[in-house]
Amino acid sequence: MSERQYTQTPDGFDNIPFTDEEQAEWEARQSGADEAIAAMRAYEKRQERNRLLRETDYAVLPDTPEISDEMKAYRQALRDLPAQAGFPNIDFPERPEG
């Protein structure tokens, strides 16, 4: 059984290194936490995207005059955000005037 030490121990504290089994369990828990954080960030980005789409829903109502190409592109870019490389670490497109 090998032992690992990854950080220096502050004065007054004892360092008890992880065994291989403890290290594997720690890494598994950290991985799960990282996945949960990424899922929460993705959820938050989708919520923001949905809010931005709702703000422009008026532009696509049947009784609304022709929607501009810029607004069409903006709404499409919002819908495509989850498929964008790096999601959820992305920037939102800029909303066009009108």
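Each value in this text was obtained by applying a stated rule to the coordinates, not by laboratory testing. Here the structure is a predicted model, which means the values were calculated and not measured. Cβ placement follows ideal geometry from the backbone for every residue including glycine, while neighbour counts extend to all protein chains displayed.
With an 8 Å Cα cut-off and a minimum separation of 6 or more residues, compute the relative contact order for the stretch 18-98 in percent.
29 percent
Using the Cβ-Cβ distance between Ala28 and Ala77 with R0 set to 35 Å, the FRET efficiency from 1/(1 + (r/R0)^6) comes to roughly 0.40. Note the angle between two axes, namely the Cα long axis of helix 69-80 and the longest principal axis of the Cα atoms of the chain, as a number of degrees from 0 to 90, rounded to the nearest 10. Between the helix axis and the principal axis of the chain, the angle is about 30 degrees. Note on Glu94 and Val60: their simple-model spin labels are 2.3 nm apart, each label 7 Å out from Cα toward Cβ. What the Kirkwood sum gives for the chain is a hydrodynamic radius of 17.6 Å, with every pair of different alpha carbons counted. Only DSSP H runs of four or more residues enter the estimate; each adds -39500 (n - 2.57), and after division by the residues of the chain the mean residue ellipticity at 222 nm equals -17500 deg cm²/dmol.
Using Cα springs under 10 Å in a Gaussian network model of the chain, which residue among Asp11, Asp69, Asp20 shows the largest mean-square fluctuation? Evaluated over the chain, the most mobile residue of the options is Asp11.
Helix 20-55 and the long axis of the chain differ in direction by around 10°, with both axes built from C-alpha atoms. Asn15 to Phe87: FRET efficiency via 1/(1 + (r/R0)^6), r the Cβ-Cβ distance, R0 41 Å, to the nearest 0.05? Efficiency computed from Cβ-Cβ geometry: 0.55.
In the elastic network of the chain, a GNM with C-alpha springs shorter than 10 Å, the most mobile of Ile37, Ile16, Ile67 is Ile16.
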